[in-house]
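Engineer: Here it is, the structure in full.
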Amino acid sequence: MPPAHEIRPRALPLVWHRPPINILARAPPASDQRREIMEGAAQTIFSNVGQLLAEEYRQLSGVGGEVLELRDDLATMNALIRMQSEAEDGAVDHFVREWMKQLRELAYDAEDCIDHYKLRIRARPGDGVRARLERLLGTLLPRRRLAREIGALRARAVAISERHARYGVSRDALRRSPTLLPAAPVAAPASAPAPANDADRHLFVGFGFAYQAATLAARVMKARAGEKGDLKAVFSVVGFGGLGKTTLAMEVCRQLKAEFQRQAMVSVSQAFEPIRDLKPLLKRILQQVAKTRNDDEGALDDIDRLDDNELAAKLEESLKESRYLIVIDDVWNVRAWYAIESILPENKCGSRVIVTTRSETIAKVCSAASVGEDDIYHMKPLNLEDSEKLFLSRAFGSIDATCPNELKEVMDNILKKCGGLPLAIISIASVLARYTSSESIVKWETICRSIGSQMESNPTLEGMRQIVTLSYNNLPHELKLCMLYLSIFPEDYAIGKERLLRRWIAEGLVQEQRGLTTLEVAESYLEELLSRNMVEASHFNYNKMEHSYKVHDILLEVMVSKSLESNFVSLLGGQYEEMSYSIIRHLSIHGTGQGRDSRHGVEKVNPRHVRSLTLFKCKLEGRMLLNHLGKFTLLRVLDLEDCEGVTNKHVRYACQLRLLKFLSLRGTNVSKVPPQIGKLEHLQTFDARETCLDGLPETITSLSRLERLQFSNRTMWSGSSGIMWSLPRGLSKMKALQEVGVARLGNNAKVAQEMGELERLQLLSLYVGPDSGGPDGEVLQQLALSLSKKSCSLRWLIIGDTSDGKALNFLHRIPSPPRLLEFLKIDGAIDGLPSWVGSLSYLNCINVSFTALVDDQLFGVLCNLSNLKIIWVERKSYNGHALVARTRHNFPALRDLEVTADDELPKVFRFEQGSMVKLEKLNVNFADKEKSIHGIEHLTNLKVVHLMGKKDNPALKCALDQLKADSKRRPESNQFQVVATYY
């Protein structure tokens, strides 16, 4: 047998390469709904390994040939993985699944091999000639071992290839042949197919859909009065799969039957191809229009002989003088819409088109030339009351049914998982309809606990799984793995935006794109998932300046099932207490948060292959694992946010993990970070917020790849005793830094100067103090110059003053302000907002606290900013008697005014006519003070007024009564909600 380096790969079938996929392009559909493999994951892994191998080749003396051969084999497997991803239903059988599993595990092991090389063989940055020579001589045995490992990996690749060739999967079998979905007839809307049969449709409409249907129908009719009221207008209904978009569109058609006598409804598929599928779609529209026109049966005898252009002409002739309503159901891509739109005739009869889609992007494109802000309707989930009624009606067979007391708690938990998704509610209720006695509680609890696995095996729930999975199958390869990665997080968990994006980057899930940073690419991934309604915005935390996101529980169950089957994520603890795994790559421990963690499974964890470790509310389990943290040598992500039981000892262990890219100690009780943290040469993110740390070691400046550095002590905002970390000298060595906060600038002008050398800095949270000198001192002058150098990079700036003076007046003398700022917080006394703030055309949110502004020093500077959407006024920000939004303060984009200060001033909030015309939310804290609000009638776009304060405050009660009366005086469609929170 030839030596390992002479092994050549056998001819592998079905091999060709394709260009990279654009992140916003539509991925080919994976239409087999029982496919539970991770083709996107493996494709990305192979790509990452290939990059690593190419990067390390020149330094890997003696085994370079083997590296090249392994890289070629991995490229071949990459092509096979991608072809399998695009295969049609019948091609993905049990054999293919097993074959892909073997390839995927081979790719993981190849990546482990490269990581071990980086740990044990590669020279360290900063090593001199002697150190490199010593390392070369000292690693002869590891190099030989690596060569053997590569040879073994390549031998496995050849064996997998031979096995594939032996059992044979032909090239033609892997080609996909998508077909158009059948149409849903509108001539008899009640007979429409999934997602709801006739009974379910009536249930939908009865519980929560009646209002939504009436709202959309009113919008469709109201459009006639608009500028383009006589022309065709397009309305888009957008929402997650299973919300009932099709049912809503059908109900609108029914309600408007008298207004639009010419109606049609056609469904589009993920695989819609205009050249192939436009003709049958045209035929279906013509057939339905003919029925609603009561045409003779022979009028369409020649329809099969007509080409696309002739069919389009016939449709135009049929509808040129008719007022029509056509529903285009389930549009998946822009190309399909443009093709369909081109054949819908324009007329001046007030015709309408309704498009349903899961994508916000598609909705905006479809309705781009329509009538106004109301042309996109966002489907809303059912509220809890309607969800319960719908569930009981389906489970117990009666609209007036009640739930036995013994089953009430389980039902509440099931409805919580359903999250207002009608399809999920009806599907699960149908399963439980046979178990409605109080003795059936065990069955109900089993279904509730195992919805994910039940969707795989229960025929009643399989349809729901298919509809939910469609959205995942339609994702590009790059986004599939990012979506699966969310299965690491528990149900209802609010995932911080930066935390998620930085983890994606650290795991190598974000591909490089020319002209963009990896963070910008990651943000585009998240935006695309939001647009497709795969994730939803949870909230924006004003106090922590953080956006967070959630995944619907039903979709999360599907993602967990896919992740577990493909061995991408390993879950332990909580509902996964009984799970066991042979090889673990991404480990997530879910604690109960109730002080009763279980040891089951944790003591069996093999740390050898683990790349990420995440602990949620863990105590005993967490300590058991962290005590052996040093054995997790391949760890890239260590996320201990809010984990109890983390000690300084565990931090020392973490500093031995040389491959770490992401380290979060946020919310833990650690009080010291050792100097050894400077040896984590690959570290990109270090989050040490809300800890007991009083500072960071100066060796932190050795982390040349660190991009995000966040710090805060729990006592930071507790007055004079608050602890704040002072920036060290040597900051300029951290060339990769993009975020720094929260930090303090002492009396060292050199540190202030070094900040200007951080060319990639985008977020800065910095406080000056009495030792920083006055506004004309050298330190603050240098800081002003450094901020000027950030005029083209800085996006977020929090600048504060811990002294009692007005050190922040130095902001008035910044030579060139950071003009790309999107968020600005000024925290400290200042003689009015700097005039340059009024020129920040990208500013989205401004926060002021302790600024002691008066008169028009707040609104007068900000009122013309074209993108300003949020103004947040905190404590001691305004010292005037009345905070007045004057007529000249028109605020072209302002949506949200938050006044959370509990101070005596201002006592009056007044809005003059023409001010803040687009304001939607007003939040005012009355505390126990006497305050009042005037001119609310001038805020014509107001949606919500939220008042906070002491319950026994008569001024608060008076304001609530007055606001409710003001709302009732408005037309019903323009009323606003009044909410009170007491403390």
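The values are calculated or read from the model by the stated rules, or taken from the named source; none is laboratory data. Small disclaimer: the values here were computed from a predicted structure and weren't measured. Glycine also receives a Cβ, built like all others from the backbone with ideal geometry; neighbour counts cover every protein chain displayed. Ligands, DNA and RNA are excluded from the accessible area calculation, which covers all protein heavy atoms including side chains. Shrake-Rupley method; radii C 1.70, N 1.55, O 1.52, S 1.80 Å.
Engineer: With respect to the cross-link table entries LYS416/LYS921; LYS257/LYS968; LYS562/LYS661; LYS101/LYS735; LYS550/LYS968, which display a Cα-Cα separation exceeding 30 Å?
Structural biologist: LYS257/LYS968; LYS101/LYS735; LYS550/LYS968
Engineer: What is the extension gain from LYS921 to SER322, computed as 0.36 nm multiplied by their sequence separation minus the C-alpha to C-alpha distance, in nm to one decimal?
Structural biologist: 211.4 nm
Engineer: Highest mean first, how do 611-619, 910-918 rank when packing is the count of other Cβ atoms within 10 Å averaged over residues?
Structural biologist: Highest-to-lowest ranking by the protection proxy: 611-619, 910-918.
Engineer: If you don't mind, there's one more thing I want to ask. Which whole-percent values make up P(r) of the stretch 838-983 when all C-alpha to C-alpha distances are grouped in 5 Å steps starting at zero?
Structural biologist: 2, 10, 20, 24, 22, 14, 6, 2, 0
Engineer: State in Å² the accessible area per residue of the stretch 750-840; use a 1.4 Å probe, count heavy atoms of protein chains only, and round to the nearest integer.
Structural biologist: 36 Å²
Engineer: With every protein chain kept in place and ligands, DNA and RNA left out, what is the accessible area per residue of the stretch 260-369? Probe 1.4 Å, answer in Å².
Structural biologist: Accessible surface, normalised per residue, equals 43 Å².
Engineer: Once you place label points 7 Å from the Cα toward the Cβ at VAL854 and GLN676, how far apart are they in nm?
Structural biologist: Once both label points are built, they end up 5.9 nm from each other.
Engineer: Return the Cα extents of the stretch 461-525 along principal axes one, two and three, sorted largest first, each rounded to a whole Å.
Structural biologist: In descending order, the Cα extents are 44, 25, 15 Å.
Engineer: Separate question: Assuming R0 = 25 Å, can you tell me the calculated FRET efficiency for the pair ARG895 and ARG760, based on Cβ-Cβ distance, to the nearest 0.05?
Structural biologist: With a Förster radius of 25 Å, E is 0.20.
Engineer: Cα centroid distance between the stretch 324-383 and the stretch 434-482, in Å?
Structural biologist: Taking the Cα centre of each part, the stretch 324-383 and the stretch 434-482 sit 30 Å apart.
Engineer: Averaging over all projection directions, find the projected area of the Cα convex hull of the stretch 674-777 and quote it in nm² with one decimal place.
Structural biologist: Computing the convex hull of the Cα atoms and averaging its projections yields 6.4 nm².
Engineer: Calculated FRET efficiency, LYS408 and ASN747, Cβ-Cβ r, R0 45 Å, to nearest 0.05?
Structural biologist: 0.10
Engineer: What's the Kirkwood radius of the stretch 761-848 in Å, using all Cα pairs?
Structural biologist: 12.8 Å
Engineer: Could I ask something else about it? Mind giving me the nanometre distance, one decimal, between the label points for TYR983 and GLU346, set 7 Å out from Cα along Cα→Cβ?
Structural biologist: 5.5 nm
Engineer: Would you please report the Å³ per residue occupied by the convex hull of the alpha carbon atoms in the stretch 234-370?
Structural biologist: 102 Å³
Engineer: Starting at the first residue of the stretch 308-325, write each ³J(HN,Hα) from the Karplus equation 6.51 cos²θ - 1.76 cosθ + 1.60 with θ = phi - 60°, in whole Hz, x for Gly and Pro.
Structural biologist: 4, 5, 5, 5, 4, 5, 5, 5, 4, 5, 5, 10, 5, 10, 10, 8, 10, 10
Engineer: Evaluated at 37 °C with a viscosity of 0.692 mPa s, what Stokes-Einstein diffusion coefficient in µm²/s does the stretch 315-433 have when Rh comes from the Kirkwood expression over alpha-carbon pairs?
Structural biologist: 188 µm²/s
Engineer: Quote the FRET efficiency, to the nearest 0.05, computed for GLN287 versus SER457 with a Förster distance R0 of 30 Å and r equal to the Cβ-Cβ distance.
Structural biologist: Efficiency, from the Cβ-Cβ distance: 0.15.
Engineer: Now a separate question. Could you report the stretch 505-564's accessible area per residue, 1.4 Å probe, as an integer in Å²?
Structural biologist: Counting only protein heavy atoms, the per-residue value for the stretch 505-564 is 39 Å².
Engineer: For the stretch 870-983, what % of the accessible area comes from carbon and sulfur atoms, probe 1.4 Å?
Structural biologist: The value for the stretch 870-983 is 50 percent carbon and sulfur by accessible area.
Engineer: Relative contact order (percent) for the stretch 503-564, with alpha-carbon contacts under 8 angstrom and 6 or more residues of separation?
Structural biologist: 18 percent
Engineer: Through the Karplus equation 6.51 cos²θ - 1.76 cosθ + 1.60, θ set to phi - 60°, convert the phi angles of the stretch 636-650 into ³J(HN,Hα) values in whole Hz; use x for Gly and Pro.
Structural biologist: Here the 3J(HN,Hα) series is 10, 10, 10, 10, 10, 3, 6, 8, 7, x, 6, 10, 4, 4, 5 Hz.
Engineer: Which distance in nm do the two modelled labels at GLU520 and LYS222 give, with both placed 7 Å along the Cα-to-Cβ direction?
Structural biologist: Taking the two extended label points, one gets 3.9 nm.
Engineer: Contour minus end-to-end for LYS907 and GLN513, with contour as 0.36 nm per residue of separation and end-to-end as the Cα-Cα distance?
Structural biologist: My answer for the length gained is 136.6 nm.
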